[in-house]
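What follows is calculated from the coordinates using simple rules that are stated; it is not laboratory data. All figures in this text were calculated on a predicted structure; none of them were measured in a lab. Glycine gets a Cβ as well: all are built from the backbone with ideal geometry, and neighbour counts include every protein chain shown.
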Amino acid sequence: MDTPAIKPEPKFAAEWAPFIPYADESACPEHLRAPLAVLKQRFGFLPNSMRLYMHNPGVLAAVLAMGRNIVANPEGTLDRVLKNKIGVICSATNGCVYCTTHQCDMLSRNGGSHEGWGVPLDEVRAQISGSEKAASDLERVCFDYARAASFDAAGVTDEMRTRMKLHLTPAQIMELAAVVGFWKFLNTVHDSLNLPVESSNLHHTGYLDAWAGKGQGGARGEGP
């Protein structure tokens with residue numbers, strides 16, 4: 001029997017400076033302030049990623065729209081908690097400390113006034129290590145596809161696609177693929193720019209190094 005999960009020691013002790021300065025939030029275009037406020041309410045703070053995206057309003061608009069329509073859409077065909085678990089799997093497989101930190105925090109914290117799902121830390125550890133137990137065949141194929149497509153999209157097999165058709169509707173298949181692609185996009189941008197983890201979230205930065213399983217991307221966050 002696995003020992004109970006304990007939050008790992010942080011990977012970073014202090015927030016470092018971004019390699020380009022953050023944009024001035026007051027200069028955010030008027031039409032993007034409302035969706036940005038919704039995101040801030042979900043997270044409980046303004047993520048450093050948004051502070052960089054604000055340099056390019058078109059990119060910021062696209063990222064906010066993708067997050068709203070792919071991940072946080074109340075009319076989505078996949079459960080929100082399931083999509084958050086998929087976000088942990090994708091970010092861990094892609095080796096992105098920044099996104100894994102955020103996703104693990106959101107998955108494990110209680111909701112209150114901000115988004116949170118109250119998932120036990122043992123389950124969070126399992127999503128990262130690849131030892132998670134699926135509650136259904138639908139969950140199992142979602143987890144397996146997310147890990148396989150993140151690791152090597154061209155390596156997703158016909159057998160995997162057959163399982164997807166068996167347990168998911170066409171709408172669910174497209175939403176699942178979009179969720180995985182969304183995290184590949186964010187993980188690539190954030191890792192390649194060595195995006196600093198917010199000081200308030202540094203205590204969550206140890207998950208990936210401590211719990212990543214073999215065959216996954218591994219942690220690549222550099223820090224200062």
Specify which residue in the list F182, P170, P196 is farthest towards the positive end of the charge dipole of segment 90-206, using unit charges on the beta carbon of Lys, Arg (+1) and Asp, Glu (-1), about the Cα centre. P170
Give me the Kirkwood hydrodynamic radius of segment 114-212, using the inverse of the mean 1/r over all pairs of distinct Cα atoms, in Å to one decimal. 15.4 Å
Unsatisfied cross-links (Cα-Cα over 27 Å) in the set K40/K133; K40/K85; K7/K85: K40/K133
At 222 nm, what value in deg cm²/dmol follows for the chain if DSSP H runs of at least 4 each add -39500 (n - 2.57) and the sum is divided by all its residues, to the nearest 500? -16500 deg cm²/dmol
Dipole in debye (nearest 20) - the chain, about Cα centre, beta carbon charges: Lys, Arg +1; Asp, Glu -1: 180 debye
Any lysines whose Cα falls less than 20 Å from that of K165, other than same-chain ones fewer than 8 residues away, would be K83
How big is the C-alpha Rg of the chain next to the rule-of-thumb value 2.2 N^0.38 Å, as a ratio? 0.99
Taking 1 over the mean of 1/r across every pair of different Cα atoms in segment 1-81, what Kirkwood radius in Å do you get? 15.2 Å
Find how many whole Å separate the alpha carbon centroid of segment 38-57 from the alpha carbon centroid of segment 137-165. 31 Å
